[in-house]
């Protein structure tokens, strides 16, 4: 890992602690890894990825980065914040999907003064072509960061995270994380296999993409980067998407309320609420034993919580 260029952006290790009230509620030992408290904006998993991706952008001599996602993309907001930190221009070319008004993460984008361009499309290929057009028109050399920062280089951020967890002094039987674009899941499964081979990683899918193909492919490419011949496990993918990506689900909203009422910790409707709902689901199905240590990785995203209209949502 030390052979890869990385720009320090987050404050690590992030806090890791046991959640006593939820442990009693769910009948097993529930822990949380607070990657939402990494020190950049409202925090989140993307910062670990961006340490590698922005270092690569600098290495390639780019002064501008562009990335994408939907209107309330936590990844896009954090890319802007991290780019600002390292003195790079950032242009967000976002799908015109979701809440585009100046709410939630769009408030943070506005405060950072980054350029946001909405494209009315469902195709990321069209988005990436638009990035090329913008760069050509303006005569700039830019670095393209994929949606979620989810490529093999970005995935190394969560290999890093698993190493960090392995040094916590707690032996975890299970780790539960969100899977929205595949990079965090791939890095987590690969990293756990390297540093904690007896720990089982559960990936709560919050989108309907073919992650049974995407995650193993990212794991394979990241393992090749690392030149490791570790045997790659089949990812444990749990479908928690509900009515659709970035659309609140009943299970997710219940999980958000449970975490807030029991432990005073904010989750979001797109990622962490649904991901934690996956942990709750497995616990209530009797999947975990009473003496198991189950770690929930909080991947951030709270900004999007404040873009939702909660008037018509019931818990």
Would you check if residue 168 is crowded, with 24+ Cβ neighbours inside 10 Å, farther than 19 Å from residue 282 by Cα and touching a residue at least 40 places away in the same chain (Cβ under 8 Å)? no
Considering each of 155, 181 in turn, give the residue that is in contact with a helix residue (DSSP H, G or I) (Cβ under 6 Å, 6 or more places away or on another chain), in contact (Cβ under 8 Å) with a residue 60 or more places away in the chain, under 24 Å from residue 127 (Cβ atoms) and in a loop (DSSP other than H, G, I, E, B). 181
Checking the condition farther than 14 Å from residue 297 by Cβ and assigned by TED's automatic domain parsing to the domain that holds residue 33, which residue from 180, 169 passes? 169
Regarding residue 102, is this residue in a loop (DSSP other than H, G, I, E, B) and crowded, with 16+ Cβ neighbours inside 10 Å? no
Looking at the stretch 124-132, can you tell me whether even one residue there is touching a helix residue (DSSP H, G or I) at 6+ places or on another chain (Cβ under 9 Å), part of a loop (DSSP other than H, G, I, E, B) and assigned by TED's automatic domain parsing to the domain that holds residue 50? no
Yes or no: residue 229 assigned to a loop (DSSP other than H, G, I, E, B) and either crowded, with 22+ Cβ neighbours inside 10 Å or in the same structural domain as residue 158 (by TED's automatic domain parsing) (or both)? yes
Just name the residue that is surrounded by the most Cβ atoms within 10 Å (Cβ to Cβ) out of those in the stretch 272-294 that are outside any helix (DSSP H, G or I) and in contact with a helix residue (DSSP H, G or I) (Cβ under 7 Å, 6 or more places away or on another chain). 294
Residues of the stretch 24-35 being farther than 12 Å from residue 258 by Cα and surrounded by fewer than 20 Cβ atoms within 10 Å (Cβ to Cβ), in sequence order, are 24, 27, 34
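Yes/no per residue for (1) more than 22 Å from residue 48 (Cα to Cα); (2) assigned to a helix (DSSP H, G or I); (3) in contact with a helix residue (DSSP H, G or I) (Cβ under 6 Å, 6 or more places away or on another chain); (4) at pLDDT below 95:
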{"position": "77", "(1), (2), (3), (4)": "no, yes, yes, no"}
{"position": "83", "(1), (2), (3), (4)": "no, yes, no, no"}
{"position": "93", "(1), (2), (3), (4)": "no, no, yes, no"}
{"position": "106", "(1), (2), (3), (4)": "no, yes, no, no"}
Would you tally the residues in the stretch 82-91 being without any contact (Cβ under 8 Å) to a residue 60 or more places away in the chain and either over 19 Å from the mean Cα position of the chain (by Cα) or over 13 Å from residue 149 (Cβ atoms) (or both)? 6
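Condition check ((1) more than 17 Å from the chain's Cα centre (by Cα); (2) on the phi > 0 side of the Ramachandran plot; (3) not assigned by TED's automatic domain parsing to the domain that holds residue 144) across all residues:
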| residue | (1), (2), (3) |
| --- | --- |
| 21 | yes, no, yes |
| 26 | yes, no, yes |
| 34 | no, no, yes |
| 40 | no, no, yes |
| 53 | no, no, no |
| 61 | yes, yes, no |
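The values are calculated or read from the model by the stated rules, or taken from the named source; none is laboratory data. All values derive from a computational prediction rather than experimental measurement. Neighbour counts run over all protein chains shown; Cβ positions are idealised from the backbone, glycine included.
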